[in-house]
Structure formats: structure tokens, C-alpha cells
Amino acid sequence: MYVVLEKYYLINPTIIPDGYNVERYVSNYAYIISLPNNDVSVLKNQEVYATRAKFSFSYLNDWYNIDHPILNDEMSKDSFSIKYINKFSNENSFNILDNKFTIKIKRDIRAINEFNKGASAKMDYYIEVISNNYEVKSVREFYEISQWFMKLIDFLTQSKKRFSYIKFYLEDENNKFQSKSLDNGDYDYKYPIYYGRFIFRQLDEQAQEFKYNSLRLSYIKEDLETIICNWFKYKEKLKPVIDLYTQNYIPTLDIESILVKQTEMMERLYDNFFNSARETQNCDDSNLDNTILEIKDYLDKNNIEISIKEEITRRLVNDKKNRPTLREKLTVILENIPDQLKNIFYLVDKNWKNDSNFEKNFANRLKDTRNYNTHGPGNNKNKSRLKAFKELNNANAVLEYIIYYHVIHQLGITDDKLLNYPFLRRKIH
């Protein structure tokens, strides 16, 4: 067994306790590696590579709620048998990242017959990531794929998990785990070129309890390929949003900071998915044009300097059309949700349906709250910000549902299915 450190540095000079030289290092990446042939040269002066990885995380066995064991038809109080079905595990396969990798959601079932205990079955749940055609990849690529996949399950279920393990294998067609029966009754065993597992700290990052009404595999089984493929396809667009979502799990964050981050998440959603959309206008274009003409007329009558007048006119006509404000971005995100989901606005204002400008007014309050808590108080600025704890708490709850809807909607899930996901359904029904 060997320990490999990457991007490490010495934090303690050599110490000599009890006659042994000891040095302490900090490392960004560390692996324990087994070399079946003890050929250390494969690790020298190069990265650690792999062609396959498998990982598991807390509550994976609870999330995997399909293909349950069933009782066989013939049973009595004296005897019965249980049938184990593993159809989904054996058949599912999802190509990602331009078909460079394949992800499989696995459940291995093993029959065990122990002396003095008899027969039983053991189930092992894990996710497998394979580089297609045994193409050699850095283990860091496998680690990033594993992290991003687990963040998908975190977001779908609205819970926080942690890795149980991450293992990796460098294999080819001939060098992989396999056994062959020999004529003399023995077995010929073959192994990967090397294999190992990540070393990481998670003791201070406790997983949340997986709730009984959390979204499980059965809800999304039919759409899983679409969800996974789009989750990786749009990674660069979704990552800023999901990173902020993850940061909101920091237990020391105050309620204002959480709301600021959620407002930033909505802005990122607009920038990456709605950047050509505009808010709904209650006035028609002719009224808007007439107002602009009145402003121009005012500038002409008051002998405003030509260069200033031209700059104001340019901003009126062009700049504002091409560069929406934060308030406008937030309004678009608030407006573009189904009517059923808009019922959550009652948390902000019980009479919201009577306000034709509710989305704009609420967006303005979010904008003022964000600016106040980001830049500090200003003279006569941010007057409509949310102040009371109840206002802030309710606004946070509303944004959680809206952000959840938009992220999953971008993964290709239609409203009729998405609004029945447990996290949203319990709010709109």
C-alpha cells in the first residue's frame, strides 16, 4: 500500500520523537494506492490516473427506492422465500460529457451462506463512473464528476450528504478484477494496474437526516437520463448557482446573508438562462415612446449641453434596453414561474393577487435588501428593503421554491412533473 500526495507542502520541519524522523504535510489531494505487482515506477513523475471509479454517499440506500425484494407467491407460516429483483441496476447507463464517461447507479446483491447462520443477502449501493474505451483520465476528473453528481442528488432532495468512500481503478482489457477457473480446481486472478481510494476529511461536515418525504429515485426514474445529461451539459451555467446554494448550508450564516446569496442565485439564473428575456410591461410601447419624447423635449427646452443631452438620450434609448438592472432581472425570474407556484407569494403578501405589480415590487425589495447588506446604508437609499425577521424568513422560503423550480426546469423537466416533486407539491397543494 502506498500513500500519494498531490499539491502538498511541508508545514512542520523535521522532528525527532523517539528516534523517528517525522514531517507534517498539508495536501489538497491524497490517495491510498495498492500496486498488485509492486511496480512503483507507474507512480513516479506522473499524475495518478484511472479508467473507473465508484463512490457511495450517506442515504444512497434510502434514496434508491425501486426494485424492492418481494415475497414469492407460495408461502406459509412455516416457510417462505424472498425474490430479489435488480433490473434497474443491471440496465441503467448514462453517457455524459460528450460520451467520454458513463455513469451507472448500481446495487450489487450477494447471496451469503454463513456457517451457523445460514443464508442471507447483502446489498451494496454505489455510483460507478467509467471512462469509455478504457481511456485513461486523471483521478481528479473522476473526483469532480463524483462531486457534481452528488450535488445533483443534494439539490433534488434538498438535503446535504457526504461521501462514504471514493475508489478508483486503472484498468485495461487485460488488467482488471477478474478470475478464471483452472482445470486443477484453482483460480487464476487478475487485477488492475493499480487501484486505490481518496483520503478526505468530513468529520466536521455532518450529513443531514434524509426525510421520509424527500424526493427519491422512483420520482425521477423515467426522466433520469435527461436530468443527468443536462446536469453535466449545463455545468458551467449551473455551477455558480449551486456553489451559492451549497454556501447557504454554512451554519453560521445569518438570515440576511442567506437572502443575499439567494438573490445572487436568481441573478446568475437570469444571466445564464434568461439573458434575452425582459420583464412584463403594464404599459404599451407607445406610452413608453411618448415618455421618452417628453424627456427629450425637456432637454431641448432647458438648453442642456449637447454632449450631455446626447449621452442621456443614448442611455434612454439604447443602454437600458440592452443592460437590464438587477431589479429587472429578479422580476423576470419571479414572473417566469407557473401560476400554481405563484401561490407561495402569499408568504410575502397575503393580498398579492390584488397587486398587478407584485413581482416588480417584490423584486425591488429584494434588490434593496441585497444592496443594503452588501454595500451598507446609503443616504435615502434602499428604503424598501426587508427588515423584520419574519419578512426575511418568508422571503428566503419563497426564493428557495423559485430557485428549485428554475434549476430543475432547465434540466428538461416539464411543469406537470416538476410541480409534483415533493419539495414543491407540499407548497402548492
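The values are calculated or read from the model by the stated rules, or taken from the named source; none is laboratory data. Keep in mind it's a predicted model, so treat the numbers as computed, not measured. Cβ coordinates were reconstructed from backbone atoms using ideal geometry, including for glycine residues, and neighbour counts include every protein chain displayed. Heavy atoms of the whole protein, side chains included, go into the accessibility calculation; ligands, DNA and RNA do not. Shrake-Rupley method; radii C 1.70, N 1.55, O 1.52, S 1.80 Å.
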Fill in: Answer from Lys329, Lys320 - the residue that is under 27 Å from Asp368 (Cβ atoms), surrounded by fewer than 15 Cβ atoms within 10 Å (Cβ to Cβ) and either under 37 Å from the mean Cα position of the chain (by Cα) or at pLDDT below 80 (or both)
Lys320
Item to complete: Scan the stretch 196-220 for residues that are modelled with pLDDT of 80 or more, among the polar types (S, T, N, Q) and within 18 Å of the chain's Cα centre (by Cα) and jot them down.
Response: Ser214
Practice prompt. Collect the residues in the stretch 136-152 that are surrounded by fewer than 19 Cβ atoms within 10 Å (Cβ to Cβ) and touching a strand residue (DSSP E or B) at 6+ places or on another chain (Cβ under 9 Å), keeping them in residue-number order.
Written response: Val136, Ser138, Arg140, Glu141, Gln147
Worksheet item: Among the numbered criteria (1) over 32 Å from the mean Cα position of the chain (by Cα); (2) at pLDDT 85 or above; (3) open to solvent by 70 Å² or more (accessible area, probe 1.4 Å), which single criterion is violated by Ile193?
Response: (3)
Worksheet item: Do we find a residue being part of a strand (DSSP E or B), out of contact with any His (no Cβ under 8 Å at 6 or more places or on another chain) and modelled with pLDDT of 90 or more anywhere in the stretch 169-186?
Response: yes
Worksheet item: Out of the stretch 374-390, which residues are open to solvent by 30 Å² or more (accessible area, probe 1.4 Å) and without any contact (Cβ under 8 Å) to a residue 24 or more places away in the chain?
Response: His375, Pro377, Gly378, Asn379, Asn380, Lys381, Lys383, Ser384, Arg385, Lys387, Ala388, Lys390
Response to the item:
The helices (runs of 4 or more DSSP H) lying entirely within the stretch 215-277 that contain at least 1 residues which are open to solvent by 30 Å² or more (accessible area, probe 1.4 Å) and over 27 Å from Leu366 (Cβ atoms) are 217-220, 224-233
Discussion item. Exactly one of these conditions fails for Tyr64: (1) under 23 Å from Phe177 (Cα atoms); (2) under 25 Å from the mean Cα position of the chain (by Cα). Give me its number.
Written reply: (1)
Discussion item. Any residue in the stretch 207-234 that is more than 18 Å from Lys161 (Cβ to Cβ) sitting within a Cβ distance under 7 Å of a residue that is outside any loop (DSSP other than H, G, I, E, B) and among the aliphatic types (A, V, I, L, M)? List the pairs, counting only those 6 or more apart or interchain.
Written reply: Cys229/Ile96; Phe232/Ile96
Fill in: Criterion (open to solvent by 40 Å² or more (accessible area, probe 1.4 Å), in a strand (DSSP E or B) and over 30 Å from Val26 (Cβ atoms)) met by exactly one of Ile112, Ile103
Ile112
Item to complete: Go through Asn373, Asn382, Asn396 for me and flag whichever is farther than 23 Å from Phe273 by Cβ and assigned to a helix (DSSP H, G or I).
Response: Asn373
Worksheet entry | Subset of the stretch 32-66 [of a type outside the set (A, V, I, L, M), assigned to a helix (DSSP H, G or I) and open to solvent by less than 50 Å² (accessible area, probe 1.4 Å)] | Trp63
